[in-house]
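Following: one structure in structure tokens, then a few remarks.
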Amino acid sequence: MSYSPAAFISLFQTSTWMQVYNAALFSVNHCCSILRITRPGCCNSVASRARQVLFGHRTRTSGSYRMSETTAPSGELKRGLKNRHIQLIALGGAIGTGLFLGSAGVLKSAGPSMILGYAICGFIAFMIMRQLGEMIVEEPVAGSFSHFAHNYWGGFAGFLSGWNCWLLYILVGMSELTAVGKYIHYWLPDIPSWVSAAAFFILINAINLTNVKVFGETEFWFAIIKVVAIIGMIALGSYMLVSGSGGPQASVSNLWEHGGFFPNGVGGLVMALAIIMFSFGGLEMLGFTAAEAEQPKTVIPKAINQVIYRILIFYIGALVVLLSLTPWDSLLASLNASGDSYSGSPFVQVFSMLGSDAAAHILNFVVLTAALSVYNSGTYCNSRMLVGMAEQGDAPKALAQVDRRGVPVKAIFASAAVTVVAVLLNYFVPQQALELLMSLVVATLVINWAMISYSHLKFRQHMNRTGQVPLFKALWYPYGNYVCLAFVLFILGIMLMIPGIQISVYAIPVWLAVMWVCYRAKNRRSVVMNAETGK
């Protein structure tokens with residue numbers, strides 16, 4: 001498709017599209033300037049490597065597609081993700097709005113004890129990842145969540161698991177786009193949040209419409225920025241604490257003074273767990289990389305085992321430094337000055353309070369790329385989920401189509417058509433959009449984690465019956481599964497007690513009922529079609 005210069009001039013004559021263009025151009029310029037300083041020539045390097053597409057071949061296995069290392073014909077998913085891509089995709093999916101922006105709401109409820117809350121939820125997430133990893137290593141297929149639930153639990157379980165996972169990452173993407181508007185607002189307060197969301201919605205979907213190698217390289221550099229910046233923040237914050245340059249209020253004693261480690265009691269921490277859980281909705285993205293990973297039986301275990309160290313460094317380490325630099329109640333008062341609990345990132349605000357404007361601007365750029373990173377990963381995951389479900393017959397067959405470059409174009413467009421609702425939410429209810437989306441993410445994440453854990457129970461039972469030994473074992477089977485299942489039920493109970501997010505819990509039975517009706521309708525349609533064709 002081509003457009004004339006006159007058509008483009010007409011399009012950009014409207015002030016709205018000029019705002020979209022300016023917001024996107026501003027952020028891209030910031031990205032380029034920082035990358036030129038930190039890694040000269042890296043943009044050229046990324047562009048060069050992105051042209052080197054690796055090819056793979058897939059074979060049918062139990063309704064999904066397993067890929068080998070051989071050359072594939074056009075119209076197939078490609079094995080274009082290397083070990084470094086997989087490692088950084090796992091990291092990129094886990095470090096985003098939940099930590100950088102969602103921690104503001106957690107701080108209000110739990111105070112310094114939020115550190116313990118992130119440790120608890122992080123360990124549960126790690127156990128879930130080990131359970132998923134055991135299944136992936138044995139059967140590295142596209143749409144792995146749906147595949148395992150379908151094969152080892154039942155038809156409806158596979159149908160529900162697939163669509164719930166798809167909805168989860170749609171909601172995650174919508175949350176990240178909403179957060180982007182708040183980060184851009186730090187620099188350009190006159191730009192409406194919906195304009196920023198629209199600009200980056202277009203940018204990220206354009207990246208995913210190229211090929212898997214370009215996606216992998218983009219996500220790699222997004223995550224590199226996060227990793228370097230968080231390590232730099234921890235180092236700078238530690239230096240300010242040790243040297244005294246952070247001021248008289250900067251002290252590790254801030255963790256237990258100003259109301260104690262549990263300023264709102266243990267109940268405050270318990271109530272915060274539901275919000276904290278949102279931060280870990282993204283680690284499961286490894287499940288989608290299996291079909292396009294080189295040597296998944298080696299790469300996947302390595303990536304999963306490093307999750308626990310990343311949680312310790314990037315969550316616990318960063319929060320300890322953050323809450324030591326300034327009293328938590330002073331930080332909270334500064335964040336709430338606008339009347340919006342999610343008006344800005346605590347990580348940006350704390351350095352702004354300390355008078356380090358340069359560090360605040362750099363961190364705002366980092367949290368922006370973090371949000372884009374998670375949305376980028378989520379867009380990738382959604383398209384692969386739809387491909388896997390379409391191959392199993394749980395989604396329209398057209399969504400399984402892949403072009404000659406290995407890109408599931410129709411699946412990407414289908415997900416984008418729903419994700420664009422985020423732009424509308426930011427237009428009509430900008431103040432309430434993020435909290436609503438975060439609560440819906442947690443509700444779908446609860447279902448997702450529960451289905452992964454229970455599917456793993458059924459998977460291991462099958463392995464035991466057939467005398468097979470897993471190559472990569474989950475932790476403490478089956479008791480670890482019971483702990484995880486009990487935890488997600490506990491989270492649901494917490495959500496029922498929190499005003500404002502109760503509606504997301506009430507929506508769960510409605511969602512399950514809709515899925516059941518759709519599943520029965522799909523089966524009836526299959527029966528009719530088989531009867532008409534004489535099968």
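The values are calculated or read from the model by the stated rules, or taken from the named source; none is laboratory data. Remember, it's a predicted structure, so these values are computed and weren't measured experimentally. Here the Cβ is made from the backbone with ideal geometry for all residues, glycine too, and neighbour counts use every protein chain on show.
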*Check on residue 124, farther than 13 Å from residue 392 by Cβ, in contact with a Leu (Cβ under 9 Å, 6 or more places away or on another chain), of a type in the set (A, V, I, L, M, F, W, C) and buried (at least 20 other Cβ atoms within 10 Å of the Cβ)*: no
*asked:* Here is a list: 423, 488. Which entry is closer than 17 Å to residue 161 by Cα and in contact with a helix residue (DSSP H, G or I) (Cβ under 6 Å, 6 or more places away or on another chain)?
replied: 488
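Could you list all residues from the stretch 306-324 that are assigned to a helix (DSSP H, G or I) and over 11 Å from residue 255 (Cβ atoms)? Break it down stepwise before answering.
First pass over the stretch 306-324, keeping only residues assigned to a helix (DSSP H, G or I): 307-324.
307, 308, 309, 310, 311, 312, 313, 314, 315, 316, 317, 318, listed by residue number.
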*Quick one: residue 216 ticks every box in (1) touching a strand residue (DSSP E or B) at 6+ places or on another chain (Cβ under 8 Å); (2) part of a loop (DSSP other than H, G, I, E, B) bar one, so which box is it?*
(2)
_Any chance residue 204 is surrounded by 23 or more Cβ atoms within 10 Å (Cβ to Cβ) and under 24 Å from residue 400 (Cβ atoms)_ = yes
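Okay, residues lined up against (1) in contact (Cβ under 8 Å) with a residue 12 or more places away in the chain; (2) not in a helix (DSSP H, G or I):
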| position | (1), (2) |
| --- | --- |
| 404 | yes, yes |
| 414 | yes, no |
| 417 | no, no |
| 424 | yes, no |
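Which of the residues spanning the stretch 253-274 are of a type in the set (A, V, I, L, M, F, W, C), assigned to a helix (DSSP H, G or I) and surrounded by 14 or more Cβ atoms within 10 Å (Cβ to Cβ)?
Of the residues in the stretch 253-274, the ones of a type in the set (A, V, I, L, M, F, W, C) are 255-256, 261-262, 266, 269-274.
Then drop every residue that is not assigned to a helix (DSSP H, G or I), which leaves 255, 266, 269-274.
Passing the criteria: 255, 269, 270, 271, 272, 273, 274.
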*Please give the number of the condition residue 177 fails out of (1) surrounded by fewer than 20 Cβ atoms within 10 Å (Cβ to Cβ); (2) closer than 18 Å to residue 345 by Cα.*
(1)
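Please determine whether any residue of the stretch 381-396 is part of a helix (DSSP H, G or I), under 22 Å from residue 101 (Cβ atoms), within 18 Å of the chain's Cα centre (by Cα) and hydrophobic (A, V, I, L, M, F, W, C).
Yes: one or more hits.
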*Of the residues that make up the stretch 433-449, is at least one under 24 Å from the mean Cα position of the chain (by Cα) and either surrounded by fewer than 18 Cβ atoms within 10 Å (Cβ to Cβ) or more than 22 Å from residue 282 (Cα to Cα) (or both)?*
no
*Residue selected from the stretch 275-313 under the condition modelled with pLDDT under 80 and of a type in the set (Phe, Trp, Tyr), by the criterion surrounded by the most Cβ atoms within 10 Å (Cβ to Cβ)*: 288
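Yes or no, residue by residue, for (1) modelled with pLDDT of 70 or more; (2) outside any loop (DSSP other than H, G, I, E, B); (3) among the β-branched types (Val, Ile, Thr):
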residue	(1), (2), (3)
79	no, no, no
87	no, yes, no
99	yes, yes, no
108	yes, yes, no
122	yes, yes, no
126	yes, yes, no
129	yes, yes, no
